[in-house]
Amino acid sequence: MMRLCSIASGSSGNCIYAGSDATHLLIDAGISGKRIEEGVASLGIHLKEIDGIFVTHEHADHISGLGVLARKYAIPIYGTAGTIDAVRRTASLGKIDDSLFHVIRADEKCIIKDLSLYPMRTSHDAAEPVAYSIFHDRKKIGIITDLGCYNEYTVACLKDADVLYLEANHDINMLQVGPYPYYLKQRILGDRGHLSNEASGKLLGRLLNDHMKAVVLGHLSKENNLPELAYETVKVEVMTSGTGYNVEDFPIYVARRNEVSQMIEI
């Protein structure tokens with residue numbers, strides 16, 4: 001059995017638990033060590049049992065708790081060479097033992113006990129960002145956020161997922177009329193920014209399959225999105241995509257910003 005649970009999600013901090021009965025992983029650690037500790041404990045797991053932290057990229061909302069966890073629990077940290085180099089140069093994290101870092105490469109399998117992970121390249125304004133597909137016992141979880149655009153490579157990497165954790169960062173209209181300065185709006189809307197609700201729905205339409213059990217919408221902007229708006233927009237995009245799938249056939253959840261979300265088991 002595989003499990004997925006969002007511990008925190010959004011522009012202010014991200015941390016996802018993914019695991020099996022034997023293996024426990026975190027994807028990113030972008031909230032305080034204390035909050036991660038409490039979130040993992042609420043799942044009935046101790047941080048001493050975490051087998052690794054897989055980092056998507058070096059932005060603060062994905063790594064801010066990394067230093068504390070590394071020093072307190074000596075958890076191995078996995079990331080691309082570019083990401084690890086950027087993490088090492090992030091002074092706010094404090095000293096992290098070099099022996100904890102493990103370099104992974106996009107499109108190369110990484111095995112942690114009974115889980116297999118495949119990093120995939122993403123289009124984001126970071127050093128060498130990736131997303132992850134996780135496999136166990138012929139089941140697949142896809143986790144992808146922080147991408148300004150997607151292509152056929154993205155679709156190929158994520159196809160046939162049983163569970164999908166997918167970015168729905170912003171509503172385009174809310175962003176355009178909102179308080180952000182012009183340069184930041186352009187960054188978010190650009191090809192190396194973040195997926196809008198509409199783009200998220202279009203990508204989901206490409207990825208639906210007969211064995212998909214659940215979809216989780218994550219990394220919502222606090223200022224430029226609303227959970228209900230993300231949910232409804234994605235549903236509309238799927239219904240009008242011509243795929244033939246009914247959005248009522250599988251649950252769509254929205255990951256909570258500051259709380260542990262529902263555990264999904266497959």
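The values are calculated or read from the model by the stated rules, or taken from the named source; none is laboratory data. The structure displayed is predicted, hence computed values, not measured ones. All Cβ positions, glycine included, derive from the backbone under ideal geometry; neighbour counts span all protein chains shown. Surface areas here come from the heavy atoms of the whole protein model, side chains and all, with no ligands, DNA or RNA. Shrake-Rupley method; radii C 1.70, N 1.55, O 1.52, S 1.80 Å.
Suppose we filter the range 70-120 for residues that are assigned to a helix (DSSP H, G or I), closer than 30 Å to Cys149 by Cβ and charged (D, E, K, R); how many remain? Full working, then the answer.
From the range 70-120, those assigned to a helix (DSSP H, G or I) are 70-73, 81-88, 91-93, 98-100; that's our starting set.
Now narrow it down to the ones that are closer than 30 Å to Cys149 by Cβ: 81-88, 92-93.
Filter once more, so that each one left must be charged (D, E, K, R): 85, 88.
Here the count works out to 2.
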Failed condition for Ala70, given (1) touching a residue at least 12 places away in the same chain (Cβ under 8 Å); (2) out of contact with any helix residue (DSSP H, G or I) (no Cβ under 9 Å at 6 or more places or on another chain); (3) more than 20 Å from Ile143 (Cα to Cα); (4) among the small types (Gly, Ala, Ser)
(2)
Residue list for the range 189-215, restricted to those being among the aliphatic types (A, V, I, L, M) and either open to solvent by 10 Å² or more (accessible area, probe 1.4 Å) or farther than 19 Å from Gly13 by Cα (or both):
Leu189, Ala199, Leu203, Leu204, Leu207, Leu208, Met212, Ala214, Val215
Would you say Thr154 is under 26 Å from Arg3 (Cβ atoms) and among the polar types (S, T, N, Q)?
yes
Residue by residue through the range 216-266, note down the ones that are in contact (Cβ under 8 Å) with a residue 40 or more places away in the chain, among the β-branched types (Val, Ile, Thr) and either open to solvent by 70 Å² or more (accessible area, probe 1.4 Å) or in a helix (DSSP H, G or I) (or both).
Thr233, Val234
In the range 70-109, anything within 27 Å of Leu220 (Cβ to Cβ), among the small types (Gly, Ala, Ser) and surrounded by 19 or more Cβ atoms within 10 Å (Cβ to Cβ) is listed as Gly79, Ala86
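Residue check: is Leu66 in contact with a Pro (Cβ under 8 Å, 6 or more places away or on another chain) and over 26 Å from Asp210 (Cβ atoms)? I'd like the intermediate steps shown before the answer.
Details: in contact with a Pro (Cβ under 8 Å, 6 or more places away or on another chain): no; over 26 Å from Asp210 (Cβ atoms): yes.
Against the criterion (in contact with a Pro (Cβ under 8 Å, 6 or more places away or on another chain) and over 26 Å from Asp210 (Cβ atoms)), Leu66 does not qualify.
Could you list, in sequence order, the residues of the range 146-179 that are β-branched (Val, Ile, Thr) and open to solvent by less than 60 Å² (accessible area, probe 1.4 Å)? It would help to see each step written out before you state the result.
Residues of the range 146-179 β-branched (Val, Ile, Thr): 154-155, 163, 172, 177.
The answer is Thr154, Val155, Val163, Ile172.
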Meets criteria (at negative phi and in a helix (DSSP H, G or I)) for Tyr132
no
Residues of the range 152-188 satisfying the condition of being free of Cβ contacts under 8 Å to residues at least 24 places away in the same chain and either closer than 25 Å to Ala18 by Cα or in a helix (DSSP H, G or I) (or both):
Glu152, Ala156, Asn173, Gln176, Val177, Tyr182, Tyr183, Leu184, Lys185, Gln186
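Among the residues of the range 47-69, which ones are touching a Phe, Trp or Tyr at 6+ places or on another chain (Cβ under 9 Å), farther than 18 Å from Asp85 by Cβ and either outside any helix (DSSP H, G or I) or open to solvent by less than 20 Å² (accessible area, probe 1.4 Å) (or both)?
Within the range 47-69, the first condition is being touching a Phe, Trp or Tyr at 6+ places or on another chain (Cβ under 9 Å), and the residues that meet it are 47-48, 50, 52-56.
Of the ones still in play, those that are also farther than 18 Å from Asp85 by Cβ are 47-48, 50, 52.
Selection gives Leu47, Ile50, Gly52.
Looking at the range 110-120, can you tell me whether even one residue there is hydrophobic (A, V, I, L, M, F, W, C) and open to solvent by 70 Å² or more (accessible area, probe 1.4 Å)?
Of the residues in the range 110-120, the ones hydrophobic (A, V, I, L, M, F, W, C) are 110-112, 115, 117, 120.
Keeping just the survivors that are open to solvent by 70 Å² or more (accessible area, probe 1.4 Å) gives 111.
Checking the range 110-120: at least one residue is hydrophobic (A, V, I, L, M, F, W, C) and open to solvent by 70 Å² or more (accessible area, probe 1.4 Å).
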